[in-house]
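Visitor: Okay, here's the structure, questions in a sec.
Bear in mind that the values in this text are calculations on the coordinates, not laboratory data. On a predicted model such as this, the values are computed, not experimentally measured, just so you know. Because the Cβ atoms are built from the backbone with ideal geometry, glycine has one as well, and the counts that use them run over all protein chains shown.
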Amino acid sequence: MQYLKDEVRKSISEEALKEFALKGYEGASVRNIAKNSNTSVGNFYKYFSSKGDLYENVIGSVYHRFIDYIKRFDTVEFNENTELIFYELVEEIMEIFNESSAEISILLNQSKGSKYENCKSIFVDFTTNIVTEKMKYELSIKGKRLRDNFSIYLVSNSLVESIAIIVKERQDGAEVRKLILNIIDIFLNDIINKLDSEDVK
C-alpha cells in the first residue's frame, strides 16, 4: 500500500535527522537508521540509493532555500533605503532558522564529508561581504573609506560559530531566532566606529 510506503519513507527520514544530528554525516550509520525506523537495510535501499541520497532528501531543500536567500543579497544596492531591505532579508533568513533549526544545525555543525560541508564557510563569506558592503556605504556618507575588512571577517567567523552553537544547543525555533538576533546585535552594534577607516582625500 502507498500509505505504508509513505510511512516507511517518513520514518527513515525522521530517524536520519536524529542520526545526522547526533553523529554527523560521516559517523551516521545506514544500519542504525534502518533499525531505528523499524525496517531492514535491504528495505532502506528501496527508498534511498545511498546515505548521500538520504542526506540530500533530508537536508537538501533547507540548504538550497538558505543559499537562495543568500544569493538575493547579491542584488542589494546600498543606498538610503538599504537598511530596511537589509533587515527584511535578515528576517526572511531568520524564518528558515525558526522553521528548520535542526537541519541548519546539521549543516553548520555536522556536515563534514557531505556535499554541503562548505556551508559554514559560505555563511562566513556571505556575512563578511554583506557587512563589508554595508559599512563601506555608511562610511562613505561620513566621507570615510574602509582600509581593511579583516576585522569584519574575524567578527563574521565568530558570529557564524555562535549561531552554529545556538542551533546545536537550542531546539525551539522561536528561541533560536531570538538568540540569533541578539547575538547579531552584540557582534555588529556600533561596529562602524571600531573599524580601521580613513578620510577620503
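Visitor: To make sure I understand the rule: partners must be lysines, Cα under 16 Å from the Cα of Lys23, and not fewer than 8 residues away in the same chain. Which ones qualify?
Guide: Lys35, Lys51, Lys112, Lys168
Visitor: Taking H as built 1.01 Å from N, whose amide H comes closer than 5 Å to the amide H of Lys144, not counting residues under 5 places away?
Guide: Residues meeting the criterion, in which the H sits 1.01 Å from N, are Val200.
Visitor: Also, quick follow-up: Give the lysines whose C-alpha is closer than 26 Å to that of Lys134, dropping any in the same chain fewer than 8 places away, or say none.
Guide: Counting by Cα, and skipping residues close in sequence, Lys134 has these lysines nearby: Lys71, Lys120, Lys142, Lys144, Lys178, Lys194, Lys201.
Visitor: List the chymotrypsin sites (Phe, Trp or Tyr not before Pro) within the stretch 105-201 that DSSP assigns to loop and that have no more than 13 neighbouring Cβ atoms inside 10 Å.
Guide: none
Visitor: I would also like to ask the following. Under 5 Å between amide hydrogens, which residues at least 5 positions from Ser197 or on another chain qualify, with H placed 1.01 Å from N in the peptide plane?
Guide: When sequence neighbours closer than 5 places are left aside, the close amide H contacts are Arg147.
Visitor: Enumerate by residue number the GluC sites (Glu not before Pro) in the stretch 43-106 meeting two conditions: DSSP loop (anything except H, G, I, E, B), and at most 11 other Cβ atoms within 10 Å of the site's Cβ.
Guide: Those that pass, being in a loop and sparsely packed, are Glu77, Glu80.
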